[in-house]
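Worksheet: one structure, shown below.
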Amino acid sequence: MSGPADPVTGGAGEDAGGARGGAPGGPPAPPADASPPPGPVSRVRALARAAGVPRLVIGFFLIVLFAIAVATRMDVPGLLTDSLARIARNGLLVLALLPAIRGGLGLNFGLPLGIVCGLTGCVVSLNAGMKGWAGLGAAALIGLLLSIPVGWGYGAILNRTRGQEMMVGTYLGFAAVSGMSIFWLLAPFHNPQLVWALGGIGLRTTLSLSGAYDKLLDRFLAFEIAGISVPTGTLLLFAGFCALTALFFRTRWGITIAAARANPRFARAAGISYTATRTQAAILSTALGALGIVVFAQSYGFVQLYTAPLYMAFPAVACLLIGGATVSNATVLHVIVGTVLFQSILTVALPVTSQVVQGDISETARLVIQNGMILYALTRREKR
Amino acid sequence: MAAATPIGCGRGAAVSCIGAGVRIVTCTSVYHPRVTAPVLELRAIAKRYEGNPVLKGVSLTAAAGEIHALVGENGAGKSTLMNILFGMPVIRETGGYEGEILLDGKPARFDSPQQAMAAGLGMVHQEFMLLPGFAVAENIKLNREPTRRGLLSRVAGRKLETLDRARMGADTRAALDRVGLSIDEWALVAGLPVGHLQFVEIAREVDRSRARVVIFDEPTAVLTESEAREMLRVMRDLARGGLAILFITHRLDEIFEVASRITVLRDGEVVATLDPARTSAVHVAELMVGRPAKVAAAHVVQTHGADAPAPVLSVRDLAVAMPGERVDGVTLELRRGEILGIGGLAGQGKTGIANGIMGLYPATGSVAVEGRPLPLGDPRAAIRAGLAFVSEDRRGVGLLLDESIELNMVLTALEVQGRFLRKFPISGLRLANRKAVRAHAQAMIRRLDVRCTGPAQQVRRLSGGNQQKVCLARAMTQEPRILLVSEPTRGIDVGAKARVLEVLTELHLAGVSLIITSSELVELRSICDRIAIVHAGRIAAVLPPDAPDAAFGLAMAGEQDLAS
């Protein structure tokens, strides 16, 4: 699945990323592609092959939605502002799935494990009354530190249940979220802004970040252009982590993780332990998840506790799959394309559909797209 | 000495030739039973796998009451022939076969094992095809159970008829008695000793009342000596009872004990069909192995063999638990600058040796590289000690099929030796130096003549020969002092074969010590200084490449006493 212009990372092929979505593992550009008469049909086919059918369909849907928005004189810059905010907010959570796929763990439905680590970081920093950059930094740092042992344990469990990673991850995530619900209730947090007013113990379901680090990153270097406000800081952070992740998979360590997934027996002969690389991938994924939720909370303005993280893995997984990733291969480009498409759809669909059909079908549409996409990706057989 | 196999059809079938070798068999209505009439006849069977001919017109017959032994080295085409005979799907999936199978003089073509069985063929497999959780009788009668009509079946049809367990037991008892096995017919297969399983398999074939021809595919391979003796007795009894038996084995002594005819296959051709009374084990061994085309590269042998330099690799009492290729106490030394060949039949443990040294399978014993002990079971330590390995399992172990040629070539060096990396304080986070990688890959592609579209091409898209060159390039990139190469030319075309052997010789001249494990004895004899023949997990003999053919043949069959 190597991108033609990517010598070392092989499967990483950032440049080839989206181009392969339609035919994962298929032959790189079959010769029929280059046949001279590029009639309109073959041109559409070539485009479909390059971008992948799901991306074409969703892209087309998105364009239609925007067209309707313009036609019905809706607040298009407002829609774009919302889209950008959501893209920036969710990006890191989607990126967190990447190391797991590259390490051979499949789609990381155990993302809530990382999320509860990050949430703990937020709560601890809030409880200590930390504000501004210090508060945000402390939340991220605590989240990261927690995610390392948690990721290690997660990896150890996945290594014992090889072949069922996605199933095990899902239930582990569910279990962790439920377990943490008890923790939120019983943990000795006493900051009156966080705990229930009655009884004085147990965290509230939603903690406001206003006055702490609400939209701190979003506002960093933020600007407005043509009525669209850009959450520069969060976008930059997302871009930075994308770049770092891409680079990571070109380092010795990253190549080792990816190579071990590609052929565990080859890896063994080369002195690489597949068990170890899988654990490393689990830790990386969990750590990025922890960081991702801190960024998410900061941009959203609230820390959502209890059952909120329960289903957070699913939209993230759907984003990545819409971007063209498969269960066994994903690139940073898939992350970006998927996040942009899926989050824009979610933003635009609600107001537009309520305008057109006089009712709210956007939540239904979200579920159909999200779960349909996951189902689609799981049923797709890797062609050899 | 070679008696030509009689071609033709007994019992009143007329054979006429029309045009270019097309034979039409017209069976007349008159039927003259004759004792010697072949039950089974194969005519000019030919088969290609991806363009490579593996069978080139094999003809043989089997008559009722005879045990016809089929011998040959691995890759001679025995298994393919049996797969064709038995209608294995793999044959049809790879393009079918040419030639004709005649059963009782009538042309037959089997599309599935079920058809072959229905027509009266039976097969005793090398690996047991038994359900462990089922009783012996249930296994033997599987899918052929005698049934009674019951209440349900009256309503819901034949599928729901009741099993007639009494008859199942009785039939099984009779079949087990015929093969001389006294176990309880209702014992679970799971608990039986390995030796008994083979007899249960035979009992199953015997029980099928219509079985006319039974193929025994190396039935004694897993048996102890006394069990094997019993097995031969059973085979003789069955033949006397009117079965035609095709007996595939590597053990020459067994052939001479029971066979009434011996057919030797080599490179997909029948070399000879012999009468065991008028030939010898030495002669059969010679025919199996075949004379090497030429003992080439003689200069290689002369420059290094004689003065016997210090050993670079000493292996003592190495035992390797590699499934199917167990090594059971091997001691050998590789001298500096030497090419040591390891030969032997499949399953005897020759490939286990290199895998054990590299630490890919659990092993005991001691291995020392230039006097320093090498920890076993630790591939990284072996690579660090200057060893490199080209696996016999090219696609399974040797390559990352979905990655680029260049990544495949440099990965081990990059990972274990930390080469092809840019500078960075944390060694794990050093970026791969793509320029250096690409330059190296291009140089290797030129040197090994890898036919590809470029260094970024996916390895899966390459032909077998070019994939093997990539494997070799990866090992060479490690700049090893000792190179272990297993099956370097298996399944690759002639041109690639030549280039691979040339490169191995070049490495040898550059001072690398090599151990080459190969099933192709001819090849080993053309480039090695010494050849160790492995039998039953041990070294049966270490021979010079110009030793007589018979010595090799007998060592492979584990009868080195006869050779000396």
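The values are calculated or read from the model by the stated rules, or taken from the named source; none is laboratory data. Quick caveat, the model's predicted, so the values are computed rather than measured. Here the Cβ is made from the backbone with ideal geometry for all residues, glycine too, and neighbour counts use every protein chain on show.
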Of residues in segment B:380-400 being surrounded by fewer than 21 Cβ atoms within 10 Å (Cβ to Cβ) and at pLDDT below 90, the one nearest to the other protein chains (Cβ to nearest Cβ): B:G396
I want to confirm something. Restricting to segment A:265-283 and keeping residues that are surrounded by fewer than 19 Cβ atoms within 10 Å (Cβ to Cβ) and not basic (K, R), which single residue is farthest from the other protein chains (Cβ to nearest Cβ)? A:T275
I'd like to know if segment B:407-417 contains one or more residues that are surrounded by fewer than 17 Cβ atoms within 10 Å (Cβ to Cβ) and in contact (Cβ under 8 Å) with a residue 24 or more places away in the chain. yes
Among B:I353, B:I342, which is the only one that is part of a helix (DSSP H, G or I), over 16 Å from B:A475 (Cα atoms), modelled with pLDDT of 90 or more and more than 12 Å from chain A (Cβ to nearest Cβ)? B:I353
Surrounded by 21 or more Cβ atoms within 10 Å (Cβ to Cβ) and of a type in the set (K, R) - does that describe any residue in segment B:477-488? no
How many residues, within segment B:113-148, are over 27 Å from the mean Cα position of the chain (by Cα) and either of a type in the set (D, E, K, R) or outside any helix (DSSP H, G or I) (or both)? 13
Scanning for something surrounded by fewer than 22 Cβ atoms within 10 Å (Cβ to Cβ), more than 10 Å from every other protein chain (Cβ to nearest Cβ), assigned to a strand (DSSP E or B) and touching a Leu at 6+ places or on another chain (Cβ under 6 Å), does segment A:212-228 turn up at least one residue? yes
Sole miss for A:Y306 among (1) under 30 Å from A:G202 (Cβ atoms); (2) under 19 Å from the mean Cα position of the chain (by Cα) is condition (2)
Segment B:404-415, residues that are more than 12 Å from A:I255 (Cα to Cα) and at the interface with another protein chain (Cβ under 7 Å from one of its Cβ atoms): B:S404, B:E406
Just the residues that are out of contact with any Leu (no Cβ under 6 Å at 6 or more places or on another chain) and either surrounded by fewer than 15 Cβ atoms within 10 Å (Cβ to Cβ) or within 21 Å of A:L244 (Cβ to Cβ) (or both), please, taken from segment B:418-431. B:G418, B:L421, B:K423, B:F424, B:P425, B:I426, B:S427, B:G428, B:L429, B:L431
State the number of residues belonging to segment A:241-254 that are touching an Asp or Glu at 6+ places or on another chain (Cβ under 7 Å) and within 10 Å of another protein chain (Cβ to nearest Cβ). 1
Any residue in segment B:425-447 that's within 12 Å of another protein chain (Cβ to nearest Cβ) and in contact (Cβ under 8 Å) with a residue 60 or more places away in the chain: show its pairings with residues that are buried (at least 20 other Cβ atoms within 10 Å of the Cβ) and part of a helix (DSSP H, G or I) at Cβ separation under 7 Å, as long as the two are six or more apart or on different chains. none
Check on A:F238, among the aromatic types (F, W, Y), part of a helix (DSSP H, G or I), surrounded by 22 or more Cβ atoms within 10 Å (Cβ to Cβ) and within 14 Å of another protein chain (Cβ to nearest Cβ): no
Scan segment B:363-379 residue by residue and report those that are at the interface with another protein chain (Cβ under 8 Å from one of its Cβ atoms) and closer than 18 Å to B:L483 by Cβ. B:P379
Does any residue of segment B:185-192 turn out to be surrounded by 13 or more Cβ atoms within 10 Å (Cβ to Cβ) and touching a Lys or Arg at 6+ places or on another chain (Cβ under 7 Å)? yes
Among the residues that make up segment A:313-324, is at least one of them surrounded by fewer than 24 Cβ atoms within 10 Å (Cβ to Cβ) and closer than 16 Å to A:G143 by Cβ? no
Out of the residues in segment B:166-202 meeting the condition of being part of a helix (DSSP H, G or I) and charged (D, E, K, R), tell me which one is farthest from B:V214 (Cα to Cα). B:R167
